[in-house]
1. Would you mind checking the tilt of helix 130-144 against the longest principal axis of the Cα atoms of the chain, expressed as 0 to 90 degrees and rounded to 10?
2. Heavy atoms only, probe 1.4 angstrom, no DNA, RNA or ligands counted: give me Leu58, Leu98 ranked by accessible area, highest first.
3. Can you give me the convex hull volume of the Cα atoms of region 1-51, divided per residue and expressed in Å³?
4. Taking θ as phi - 60°, what are the ³J(HN,Hα) couplings along region 180-192 by the Karplus curve (6.51, -1.76, 1.60), each to the nearest whole Hz, with x for Gly and Pro?
5. Please compute the per residue accessible area over region 152-276 with all protein chains in place, 1.4 Å probe, rounded to a whole number of Å².
6. Taking θ as phi - 60°, what are the ³J(HN,Hα) couplings along region 62-67 by the Karplus curve (6.51, -1.76, 1.60), each to the nearest whole Hz, with x for Gly and Pro?
7. Starting from the Cα gyration tensor of region 99-246, multiply each eigenvalue by 5, take the square root, and state the resulting semi-axes largest first in whole Å.
8. Three principal axis extents, largest first, for the C-alpha atoms of the chain, in Å?
Amino acid sequence: MLGIDGLTVEEITMLLDLADAYVDQNRKHDKKSDVLRGRTVINLFFENSTRTQASFELAGKRLGGDIMNMSVSTSSIKKGETMIDTAMTLNAMHPDVLVVRHPDAGAVKLLSEKVTGAVINAGDGRHEHPTQALLDALTIRRRRGRLDDMTVAICGDVLHSRVARSNIHLLTTMGARVRVVAPRTLLPSGIERFGVDVFHDMRAGLTDCDIVMMLRLQTERMRGTFVPSIREYFHFFGLDHEKLSYAKPDAFVMHPGPMNRGVEIDSDIADDINRSVIRDQVEMGVAVRMACLDLLTRDISPN
Ligand code: NCD
């Protein structure tokens, strides 16, 4: 699973339906099953992560698999070994699934061509983060009962965001209307080609939308200056109650995390349980990753 780009409506729906069932399993006292019994999953993260890594680890454990977290900071990568050599070394230990995050777009696909097991992209540069888009979709579907006919405003640092790219692919495939709202400096050129409407003003972009999806300013990917100052950015693009009042009265707010309070989102909104579904997103994340691990390890050999 390298990205959302190329998945069909049926494939996305099947993943979300399966994840829905796992949400129920995760709310039970006994959360464990043996779907991944005898299977090995290796988490290989070349970039920092809290939510995604923890959630893949819990997902694998709840399905009864053996999960190993490779800590790149203490691995031989630090001694000069290439990513591919590291992957081939791990591959020789017969993992069934490699979950990989890497700072370079395309790195996970390259790695997937060298190993024998399934590979899940846990975020490659600014390219894709498919399980994030799936957990966002599950959050929306459980709240609204549907994905089509929704107007979703994706706001902030779209340029550097793999979350935005995967969400644009998924939401447009499923029939939602997608808007991107950002300063010109934080939008990739030609973004309209992806079937989104472009806004440079938050109030206009949020008007009558059903869902407001905020993105972090990804300063670690920036080469140079993209916004005049954090103060000015918050003034024009930070989500507060006043700007949110332009959206539909029952519109809700999402954020993939990690959040920078006072930069792209006001604390009042982030903590408002009537508007923010950020904690639901984290819960859905475990279920979606269970669905992906389950589907990718099913035995499909003819004998
Ligand atoms: C995102 C990521 O790493 O792409 N975080 C996440 O997986 N929840 C978004 C971000 O880093 O801003």
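1. It works out to around 60 degrees.
2. Result of the area sort, largest leading: Leu58, Leu98.
3. Details: hull volume 6.9 nm³, N = 51.
Taking the convex hull of the Cα positions in region 1-51, it is 136 Å³ per residue.
4. Residue by residue, region 180-192 yields 10, 10, 6, x, 3, 5, 10, 10, x, 5, x, 4, 4 Hz.
5. 43
6. For region 62-67, the Karplus curve yields 5, 8, x, x, 9, 10 Hz.
7. 27, 21, 12
8. Between the extreme Cα coordinates on each principal axis of the chain lie 57, 43, 34 Å.
The values are calculated or read from the model by the stated rules, or taken from the named source; none is laboratory data. Given the structure is predicted, the values throughout are model-derived calculations rather than measurements. Heads up, the Cβs are rebuilt from the backbone with ideal geometry, glycines too, and the neighbour counts pull from every protein chain shown. These area figures cover heavy atoms from the full protein model, side chains too; ligands, DNA and RNA do not enter into them. Shrake-Rupley method; radii C 1.70, N 1.55, O 1.52, S 1.80 Å.
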